[in-house]
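What follows draws every value from the coordinates through simple rules; no lab data is involved. Please read these numbers as outputs of a predicted model, since none were measured by experiment. Note that we place each Cβ from the backbone using ideal geometry, even for glycine, and neighbour counts take in every protein chain shown.
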Amino acid sequence: MLSHEHMMADRPRDDDQTDLLTKSKPKTKRPPLYKVLLLNDDFTPMEFVVHILERFFGLNHAQAFEIMLTVHKKGLAVVGVFSHEIAETKVAQVMDFARRHQHPLQCTMEKEE
Ligand code: TYC
């Protein structure tokens, strides 16, 4: 008897039952994260921006001042990374607070790659 004929009996089962276990990916992909960005402008007072970073992003005064200065010097900065829903809420809170105080401050979000 040829050797490959012996092999056939030991071949792993390939019916639907085993396929369920072998061909299904665990698929545990985490949802994407979003960066919340603060943009510089020439009119919003520095202390107002610091206040926003303390109030909506839980930063202490030193951290808030540092990020505000980064935005002021570089034009923008990431102020936090969140789930889509939390990022949307932060952006809405900042935009609403700035609008109510009549400052042109802009805050946006973008998907983290
Ligand atoms: N450039 C503003 C000023 O000189 C300060 C500022 C900082 C504004 C950060 C917006 O996101 C900002 N008053």
Problem set entry | Options Ala87, Ala98, Ala77: the member that is under 23 Å from Pro32 (Cα atoms) and either of a type in the set (S, T, N, Q) or assigned to a helix (DSSP H, G or I) (or both) | Ala87
Exercise. Filter the stretch 21-72 for residues that are surrounded by fewer than 10 Cβ atoms within 10 Å (Cβ to Cβ) and either touching a residue at least 12 places away in the same chain (Cβ under 8 Å) or touching a Pro at 6+ places or on another chain (Cβ under 6 Å) (or both); which is farthest from Cys107 (Cα to Cα)?
Worked result: Pro31
Exercise. Has the stretch 29-44 got any residue that is assigned to a helix (DSSP H, G or I), of a type in the set (A, V, I, L, M), in contact with a helix residue (DSSP H, G or I) (Cβ under 7 Å, 6 or more places away or on another chain) and within 9 Å of the ligand (Cβ to nearest atom)?
Worked result: no
For this session: Within the stretch 79-113, work out how many residues are within 12 Å of the ligand (Cβ to nearest atom) and buried (at least 16 other Cβ atoms within 10 Å of the Cβ).
Result: 7
